[in-house]
Amino acid sequence: MTQIDQAVDIREGEELDVAAVDRFMKQAVPDLEGVPAIRQYPGGASNLTYQVDYGDRSYVLRRPPFGKIAKSAHDMLREAKVMRALKPEFPYVPDIVAICDDHDVLGCDFYVMERLKGIILRQDFPADFELSEADTRKLCLNVIDKLVDLHSVDARATGLDKLGKGPGYVQRQIGGWSDRFRKARTDDVGDFEAVMGWLSDKMPEDIAQVVIHNDYRFDNVVLNPDNPFEVIGVLDWEMATIGDPLMDLGNSLAYWVEADDEGAFQMLRRQPTHRPGMLTRNEMVAYYAEKSGVEIDNFDFYEIYGLFRLAVIVQQIYYRYYHGQTRDKRFAAFGHAANYLEKRCQRLIEASEL
């Protein structure tokens, strides 16, 4: 059986107050005994995720990053409430165990959820996780199917339709992400003005208003260790909302690095989409259109939007590193990544027929 995803030692500066976590957990789950063992999941560059173990009982705690953060970002309470509302209609959401808005506990909002014990595919397949090309394709299709399933959820049945602000989602995203980039720009990163101008000029109308994940990729999907084709969970609902499904697909494709992509893009790869059998980005779009029934004439806008949005996320994180608000060395090269993504967007714009 392939190794189940495990937490590791906590990064320096991101330790939790074990006694405070213990008090909170025993109020939320009264029959817990002993002192918790707390470790940290190494993935992710935004919110921090910890494994909290009481013997063989295992939970996951999610909190925002340390240091100064944007007021509207890293909203743990919103994420937990979205998950609770969505769970009855989309069973791949982990159960929420407890929510905390008392900053006397850990100095921030946080929540605790069930731990889904399974395989999470990160940059590469685990050493003991070998699939044939045909099986890799089967896995890939199953993962895309869950995104299609999410987009078909009845938002009104979940009560999440109230998250949406109505028509104009595409316009709000382009305006919002452009504003965020300008606020997070550092002197060593390009200005993206040509990219933002093109996106503003080429905005299509929303095609629909559905529940979207906004960060759907392999390392946010949990696979059954006994049947790795089966998706048993979808994680990281921080940016979930009501919006345009093709914008969601564009976000996913920003992370979709193919085997023959140029070296600079390969360096950004964080999931095993380069493996033989994985769909290409064009195949992804065609398959999504077939399964969802959505007509897609030209995907250029959504692909470029996804890359731009990724660049803004990267730049927001780099801004914190650049200004000494985080010491995490993983973020030291994020400025170079933002510059590369600007060039990639510009090349796609030059080639676009829009």
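The set of residues from the range 104-152 being in a strand (DSSP E or B) and of a type in the set (Asp, Glu) comprises just one member, Glu114.
Within the range 296-354, the set of residues being closer than 14 Å to Leu199 by Cα, surrounded by 18 or more Cβ atoms within 10 Å (Cβ to Cβ) and hydroxyl-bearing (Ser, Thr, Tyr) comprises Tyr302, Tyr305.
Rundown of residues vs (1) in a loop (DSSP other than H, G, I, E, B); (2) at pLDDT 95 or above; (3) under 19 Å from Phe181 (Cα atoms); (4) among the polar types (S, T, N, Q), yes/no style:
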residue: Glu283; (1), (2), (3), (4): no, yes, no, no
residue: Ile296; (1), (2), (3), (4): yes, yes, no, no
residue: Arg330; (1), (2), (3), (4): no, no, no, no
residue: Ala337; (1), (2), (3), (4): no, yes, yes, no
residue: Lys343; (1), (2), (3), (4): no, yes, yes, no
residue: Arg347; (1), (2), (3), (4): no, yes, no, no
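What's the number of the condition Gln346 fails, among (1) under 21 Å from the mean Cα position of the chain (by Cα); (2) closer than 20 Å to Asn251 by Cβ? All conditions are met except number (1). Close contacts from the range 198-210, counting a first residue that is outside the structural domain of Gly243 (by TED's automatic domain parsing) and a second that is part of a loop (DSSP other than H, G, I, E, B), with Cβ to Cβ under 9 Å and a gap of 6+ residues or different chains, come to none at all.
The residues of the range 1-57 that are touching a Pro at 6+ places or on another chain (Cβ under 9 Å) and β-branched (Val, Ile, Thr), listed by number, are Thr2, Ile4, Val8, Val18, Val21, Val52. Scanning the range 274-314 for residues that are out of contact with any Leu (no Cβ under 8 Å at 6 or more places or on another chain) and of a type in the set (Ser, Thr, Tyr) yields Thr280, Ser292. Within the range 266-291, residues that are under 12 Å from Ala254 (Cα atoms) sit with their Cβ atoms under 6 Å from residues that are modelled with pLDDT under 95, at 6+ positions apart or across chains, in these pairs: Arg270/Gln123; Gln271/Asp219.
Of all residues in the range 30-67 being among the charged types (D, E, K, R) and closer than 22 Å to Val222 by Cα, which is farthest from the chain's Cα centre (by Cα)?
The first filter runs over the range 30-67 and keeps only residues among the charged types (D, E, K, R), leaving 31, 33, 39, 53, 56-57, 62-63.
Filter once more, so that each one left must be closer than 22 Å to Val222 by Cα: 39, 53, 56-57, 62-63.
Working: Arg39: 21, Asp53: 24, Asp56: 28, Arg57: 26, Arg62: 14, Arg63: 15 Å.
By that ranking, first place goes to Asp56.
Per-residue answers, yes or no, for (1) surrounded by fewer than 20 Cβ atoms within 10 Å (Cβ to Cβ); (2) polar (S, T, N, Q); (3) not assigned by TED's automatic domain parsing to the domain that holds Asp145:
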{"residue": "Arg217", "(1), (2), (3)": "no, no, no"}
{"residue": "Asn227", "(1), (2), (3)": "yes, yes, no"}
{"residue": "Met239", "(1), (2), (3)": "no, no, no"}
{"residue": "Asp244", "(1), (2), (3)": "no, no, no"}
{"residue": "Asp261", "(1), (2), (3)": "yes, no, no"}
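So, in the range 149-164, exactly how many residues are out of contact with any strand residue (DSSP E or B) (no Cβ under 8 Å at 6 or more places or on another chain) and under 12 Å from Gly243 (Cα atoms)? Before the answer, list the steps.
Keep residues of the range 149-164 that are out of contact with any strand residue (DSSP E or B) (no Cβ under 8 Å at 6 or more places or on another chain), which gives 149, 154, 156-157, 159, 162.
Within this subset, residues satisfying the condition of being under 12 Å from Gly243 (Cα atoms) are 162.
Counting residues in the range 149-164 that are out of contact with any strand residue (DSSP E or B) (no Cβ under 8 Å at 6 or more places or on another chain) and under 12 Å from Gly243 (Cα atoms) gives 1.
Filtering the range 160-191 to residues that are modelled with pLDDT of 95 or more and part of a loop (DSSP other than H, G, I, E, B) leaves Gly168, Arg185, Thr186, Asp187, Asp188, Val189, Gly190, Asp191. Contact map, the range 4-33: residues that are under 25 Å from Gly118 (Cα atoms) paired with residues that are among the charged types (D, E, K, R) and assigned to a helix (DSSP H, G or I), Cβ distance under 8 Å, separation 6+ or inter-chain. Pairs shown: Leu32/Lys26.
Any residue in the range 45-65 that is modelled with pLDDT of 95 or more, hydroxyl-bearing (Ser, Thr, Tyr), in contact with a helix residue (DSSP H, G or I) (Cβ under 8 Å, 6 or more places away or on another chain) and not in a loop (DSSP other than H, G, I, E, B)? Taking every residue of the range 45-65 in turn, at least one turns out to be modelled with pLDDT of 95 or more, hydroxyl-bearing (Ser, Thr, Tyr), in contact with a helix residue (DSSP H, G or I) (Cβ under 8 Å, 6 or more places away or on another chain) and not in a loop (DSSP other than H, G, I, E, B). The criterion of being more than 19 Å from the chain's Cα centre (by Cα) and either free of Cβ contacts under 8 Å to residues at least 60 places away in the same chain or closer than 30 Å to Glu12 by Cβ (or both) holds for Gln325. For the range 1-44, residues that are among the acidic types (Asp, Glu) and touching a helix residue (DSSP H, G or I) at 6+ places or on another chain (Cβ under 6 Å) total 0.
The values are calculated or read from the model by the stated rules, or taken from the named source; none is laboratory data. Note that this is a predicted model, so its numbers are computed, not measured. Neighbour counts run over all protein chains shown; Cβ positions are idealised from the backbone, glycine included.
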